[in-house]
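A quick write-up on the structure given underneath.
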Amino acid sequence: MLDDTDRRLLRHLQAEPDLSMAELAERAGVTAATCWRRIEKLTEAGVIEAQQAVIDWRALGYTVDVSLRVTLDKTEPRAFDDFIDAAREVPEVYEIQTFLGRVDVRLSVLARDIGHYQQVYRSRILTLPHIADIEALMHVATIKSAETLPL
């Protein structure tokens, strides 16, 4: 599906997503027109989903990052759907993942401080439907965070 030119473009785009089309073309060794066509083709094919800004939430005052592992009451037929629908409405929940295994759902929650987290946990998280068990893991440090693929 991808040829060497596509891989070169994607490698440079991953490394520096804010490159102009002209700079990207130059670094990948293609013309600007070729670069533009290839990027459009990769976007239309769903290989490139989006370009986005990465925000440092700590710089905005959010210092508490908690991962909640949730086990749902699977005797309820709509447990997953009801829980996920309700969790989407909690503004402090920035990521929802589902799993196969003992843990059904993982919520990533941001809060300004411990007091704010406690308020969110008690008033918004514990009121979510169909929770059978919940475990909180406080994020301490990010050792490796890579959004790039080896192309």
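The values are calculated or read from the model by the stated rules, or taken from the named source; none is laboratory data. Everything numeric here is computed off the predicted structure, so don't read it as measured data. Every residue, glycine as well, gets a Cβ built from its backbone with ideal geometry; the counts of neighbours run over all protein chains shown.
Here is a list of conditions, (1) touching a His at 6+ places or on another chain (Cβ under 9 Å); (2) outside any loop (DSSP other than H, G, I, E, B); (3) exposed (fewer than 13 other Cβ atoms within 10 Å of the Cβ), and ARG122 meets all of them except one; can you say which number that is?
(1)
Just to check your reading of the model, which residue among ASP65, ASP6 is out of contact with any Asp or Glu (no Cβ under 6 Å at 6 or more places or on another chain), under 23 Å from GLU135 (Cα atoms) and of a type outside the set (Phe, Trp, Tyr)?
ASP65
On the given criteria, is ALA50 free of Cβ contacts under 8 Å to residues at least 12 places away in the same chain, within 30 Å of GLU92 (Cβ to Cβ) and not polar (S, T, N, Q)?
Numbers: free of Cβ contacts under 8 Å to residues at least 12 places away in the same chain: yes; within 30 Å of GLU92 (Cβ to Cβ): yes; not polar (S, T, N, Q): yes.
When the stated conditions are applied, ALA50 passes them.
Go through the stretch 102-151 and give me each residue that's modelled with pLDDT under 95 and not aliphatic (A, V, I, L, M).
ARG102, HIS139, THR142, LYS144, SER145, GLU147, THR148, PRO150
Is the stretch 70-85 home to any residue that is assigned by TED's automatic domain parsing to the domain that holds ILE131, modelled with pLDDT of 95 or more, small (Gly, Ala, Ser) and out of contact with any strand residue (DSSP E or B) (no Cβ under 9 Å at 6 or more places or on another chain)?
Among the residues of the stretch 70-85, not one is assigned by TED's automatic domain parsing to the domain that holds ILE131, modelled with pLDDT of 95 or more, small (Gly, Ala, Ser) and out of contact with any strand residue (DSSP E or B) (no Cβ under 9 Å at 6 or more places or on another chain), which makes the answer no.
For the stretch 41-56, does any single residue satisfy the condition of being more than 30 Å from ARG8 (Cα to Cα) and not in a loop (DSSP other than H, G, I, E, B)? Can you show your working first?
So in the stretch 41-56, the residues more than 30 Å from ARG8 (Cα to Cα) come out as none.
Scanning the stretch 41-56 turns up no residue that is more than 30 Å from ARG8 (Cα to Cα) and not in a loop (DSSP other than H, G, I, E, B).
Within the stretch 95-107, is even one residue farther than 30 Å from SER20 by Cα, of a type in the set (Ser, Thr, Tyr) and under 17 Å from the mean Cα position of the chain (by Cα)?
Yes, because at least one residue in the stretch 95-107 is farther than 30 Å from SER20 by Cα, of a type in the set (Ser, Thr, Tyr) and under 17 Å from the mean Cα position of the chain (by Cα).
So THR75 passes all but one of these: (1) part of a loop (DSSP other than H, G, I, E, B); (2) under 30 Å from PRO150 (Cα atoms). Which condition number does it fail?
(2) is the only condition that THR75 fails.
Somewhere in the stretch 49-65, is a residue of a type outside the set (Val, Ile, Thr), surrounded by 17 or more Cβ atoms within 10 Å (Cβ to Cβ) and over 22 Å from the mean Cα position of the chain (by Cα)?
First, pick out the residues of the stretch 49-65 that are of a type outside the set (Val, Ile, Thr): 49-53, 56-62, 65.
Next cut, surrounded by 17 or more Cβ atoms within 10 Å (Cβ to Cβ) only: 62, 65.
Now restrict to residues that are over 22 Å from the mean Cα position of the chain (by Cα): none.
So far as the stretch 49-65 goes, no, none of its residues is of a type outside the set (Val, Ile, Thr), surrounded by 17 or more Cβ atoms within 10 Å (Cβ to Cβ) and over 22 Å from the mean Cα position of the chain (by Cα).
How do the pairs read when you match residues in the stretch 126-151 that are of a type in the set (A, V, I, L, M, F, W, C) with residues anywhere that are in a loop (DSSP other than H, G, I, E, B), using Cβ under 8 Å and keeping only pairs 6 or more apart or on different chains?
The qualifying pairs are LEU128/VAL90; ILE131/ASP73; ALA132/ASP73; ALA132/LYS74; ILE134/LEU126; LEU151/LEU2.
Determine whether GLY46 is closer than 30 Å to LEU149 by Cα and out of contact with any helix residue (DSSP H, G or I) (no Cβ under 9 Å at 6 or more places or on another chain). Outline the logic, then answer.
Values: closer than 30 Å to LEU149 by Cα: yes; out of contact with any helix residue (DSSP H, G or I) (no Cβ under 9 Å at 6 or more places or on another chain): yes.
For GLY46, the condition - closer than 30 Å to LEU149 by Cα and out of contact with any helix residue (DSSP H, G or I) (no Cβ under 9 Å at 6 or more places or on another chain) - is met.
When MET21 is evaluated against the numbered criteria (1) in contact (Cβ under 8 Å) with a residue 12 or more places away in the chain; (2) surrounded by 17 or more Cβ atoms within 10 Å (Cβ to Cβ); (3) outside the structural domain of HIS130 (by TED's automatic domain parsing), which criterion, by number, is the only one it fails?
(2)
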